[in-house]
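Q: Next up is a structure, given as structure tokens.
Laboratory data are not the source of any read-out in this text; all were calculated from the coordinates shown. Predicted model, so just to flag it, every value in this text is computed and none were measured. FYI the Cβ positions are ideal-geometry reconstructions off the backbone, even for glycines, and counts take in every protein chain you see.
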Amino acid sequence: MENLQQNTKLAKLVITTSMLALLLLLLLHFLSPEFGPSWRMVSEYALGKHQWALTLFFLLWGVSSFSLALILWKEVTTKAGKIGVIFLFISGIGTALAAIFDVENSLHGLTAALGVPTLIVAALLISYNLRKKENWATDKKRLLLSAHSTWLSLVLMAVTMMLMISGFQKAGIEFSENSAPPESVPDGVIALGGYANRILIVTYILWLVIAARVYIKSRNKNLQYAS
């Protein structure tokens, strides 16, 4: 019973830190409006005057991932599920490190490699394992839809980034890792990569929230049966 209560508190922490992270992301759009959301990446807010907000955003996101991994380790019952939880923990490491190694740091790419693809693997492996459990079954559609939205958002970001970079190059603007970001978007360039980047982040964090909420719901069912 005590472990259930502790895990329920952890699940509430996941929801709280996730929602605070999303609020900070929204706040950054008002604090640093010079970073056009249609084509500037979220990590580029580190170049502005309110880097603290971005740092806190990544830290809160990392805490959410770590906390959910701790909760789900004993919930999953297959090797694939366990691997999913490990990937979730790795994703949390990548996200937390992004708070330290910002976009100007040479290790920023490593944080993205640790944090972005691993969450997709985690969400899918964990969700497909938990959907078979009785207490999770009633919410399996919502959980699976949220899990699949993670890879769909990555595909969307990849496509929009390719279109945007291609447009910049056709306009004669270098758009590489070491080049300075352009000051504006030339006419004819389809600049939607920034929006896609934000959609990806929101879908990733919402999966954490949904998984935590379904966990709380499943624990409440257990407590009802026990009483």
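Q: Could you give every pair whose Cβ atoms fall below 6 Å, whose first residue belongs to region 71-98 and is in contact (Cβ under 8 Å) with a residue 24 or more places away in the chain and outside any helix (DSSP H, G or I), and whose second residue is buried (at least 22 other Cβ atoms within 10 Å of the Cβ) and polar (S, T, N, Q), counting only separations of at least 6 or pairs across chains?
A: From residues that are in contact (Cβ under 8 Å) with a residue 24 or more places away in the chain and outside any helix (DSSP H, G or I), the pairs are VAL76/ASN129; THR78/ASN129.
Q: Is it the case, given these coordinates, that VAL85 is buried (at least 18 other Cβ atoms within 10 Å of the Cβ) and closer than 30 Å to GLU183 by Cβ?
A: No, not satisfied.
Q: Contact list please: Cβ distance under 7 Å, first residue in region 21-44 and within 15 Å of ILE199 (Cβ to Cβ) and without any contact (Cβ under 8 Å) to a residue 12 or more places away in the chain, second residue of a type outside the set (Asp, Glu) and surrounded by 14 or more Cβ atoms within 10 Å (Cβ to Cβ), pairs at least six apart or on different chains.
A: Close Cβ pairs (under 7 Å, with a partner that is of a type outside the set (Asp, Glu) and surrounded by 14 or more Cβ atoms within 10 Å (Cβ to Cβ)) amount to HIS29/PRO37.
Q: Okay, next question. Can LEU56 be described as hydrophobic (A, V, I, L, M, F, W, C) and in contact (Cβ under 8 Å) with a residue 12 or more places away in the chain?
A: Answer is yes for this residue.
Q: Which condition number does LEU20 fail, the rest of (1) crowded, with 16+ Cβ neighbours inside 10 Å; (2) in contact with a His (Cβ under 9 Å, 6 or more places away or on another chain) being met?
A: (2)
Q: Can you name the residue in region 182-199 that is under 21 Å from GLY172 (Cβ atoms) and of a type in the set (Val, Ile, Thr) and, of all such residues, is nearest to the chain's Cα centre (by Cα)?
A: Among them, the one singled out is ILE190.
Q: Now for a separate question. Checking the conditions here, which among ALA98, ALA69 is surrounded by 19 or more Cβ atoms within 10 Å (Cβ to Cβ) and either out of contact with any helix residue (DSSP H, G or I) (no Cβ under 7 Å at 6 or more places or on another chain) or farther than 24 Å from ALA196 by Cβ (or both)?
A: ALA69
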